[in-house]
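The structure under discussion appears below in the form of structure tokens.
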Amino acid sequence: MAARARVEPVDMQRRIETAIPGASARVEGADRHFSAVVVAPAFEGRTRVEQHQMIYALFREEMASEEVHALALRTCTPAEWEKERHNVPGRP
């Protein structure tokens, strides 16, 4: 079996921003442990669990194969981000 390519934060960020219209993401981490802050209008009207499920679904295969062992998420709508952004270093 051929070795799979290492998952990189920039690739995860691109996948999120491509799959979720209007999303802005910041992904950090290495060695199969990652964290992401994702702001998207698509989260409007969805519970936090539903928002996280949207992201986890994008990495289902990588998580099943343990290429991604951990993915900590902070998700919010643009309106929530305006209120919370001072609590989160950097920008998504």
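The values are calculated or read from the model by the stated rules, or taken from the named source; none is laboratory data. Source: prediction; values computed, not measured. All Cβ positions, even for glycine, are placed from backbone atoms using ideal geometry, and neighbour counts span all protein chains on display.
Residues of the range 16-34 that are out of contact with any Pro (no Cβ under 7 Å at 6 or more places or on another chain), outside any helix (DSSP H, G or I) and either without any contact (Cβ under 8 Å) to a residue 12 or more places away in the chain or not β-branched (Val, Ile, Thr) (or both): Pro21, Ala23, Ala30, Asp31, Arg32, His33. Looking only at the range 39-55, decide whether some residue is at pLDDT below 95, surrounded by fewer than 18 Cβ atoms within 10 Å (Cβ to Cβ) and hydrophobic (A, V, I, L, M, F, W, C). Within the range 39-55 (the criterion being at pLDDT below 95, surrounded by fewer than 18 Cβ atoms within 10 Å (Cβ to Cβ) and hydrophobic (A, V, I, L, M, F, W, C)), the answer is no, since none of the residues qualifies. Being surrounded by 15 or more Cβ atoms within 10 Å (Cβ to Cβ), among the polar types (S, T, N, Q) and at pLDDT 95 or above is the requirement here; does Gln13 meet it? When the stated conditions are applied, Gln13 passes them. Annotation: of all residues in the range 53-66 being touching a helix residue (DSSP H, G or I) at 6+ places or on another chain (Cβ under 8 Å) and not aliphatic (A, V, I, L, M), the one that is farthest from Asp11 (Cα to Cα) is Tyr56.
One residue stands out in the range 16-33 among those that are within 21 Å of Trp81 (Cα to Cα), more than 9 Å from the chain's Cα centre (by Cα) and among the hydrophobic types (A, V, I, L, M, F, W, C): the one that is surrounded by the fewest Cβ atoms within 10 Å (Cβ to Cβ), namely Ala19.
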